[in-house]
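Written below as structure tokens is the structure these notes are about.
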């Protein structure tokens, strides 16, 4: 066993990492769902952050940043099986910041189903019976 004293051990295909504690230090962003009715209804899902001015001056080069998450792993260790070429790494603390922006548009097509009615006659009396419906 590579990391007998670690709380959490993950990995596969000969590459493994371990850590004792995992913290989410910071998270920011927004999540929006927009429904658009019509012939082909659409659901738009946006996961984004705040507007950020990346240009010189007010409003020039404004872009939408993504959802930001900063994580920390205490007592982080990385190792691999012999021959995998993975260096052994050990950090008392590893911090990782990830920023993601997601735009998903789901469009639905309406299915048209016709409702058919038909008349039947009662075979005993010969009189019309009540109609029935089928899809």
### Task
Kindly list, by first and then second residue, each pair from a residue in the stretch 5-16 that is touching a residue at least 40 places away in the same chain (Cβ under 8 Å) to a residue that is loosely packed, with under 13 Cβ neighbours inside 10 Å and assigned to a strand (DSSP E or B), limited to pairs with Cβ atoms under 8 Å and residues at least 6 apart or on different chains.
16/10
### Query
Any idea which residue in the stretch 29-44 is nearest to residue 71 (Cα to Cα), counting only those that are at pLDDT below 85 and in a strand (DSSP E or B)?
30
## Note on the structure
The residue from 73, 79, 68, 18 that alone is over 19 Å from residue 6 (Cβ atoms), assigned to a strand (DSSP E or B) and either at pLDDT below 90 or over 18 Å from the mean Cα position of the chain (by Cα) (or both) is 68
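The values are calculated or read from the model by the stated rules, or taken from the named source; none is laboratory data. Predicted model, so just to flag it, every value in this text is computed and none were measured. Cβ atoms come from the backbone with ideal geometry, glycine included; neighbour counts cover every protein chain shown.
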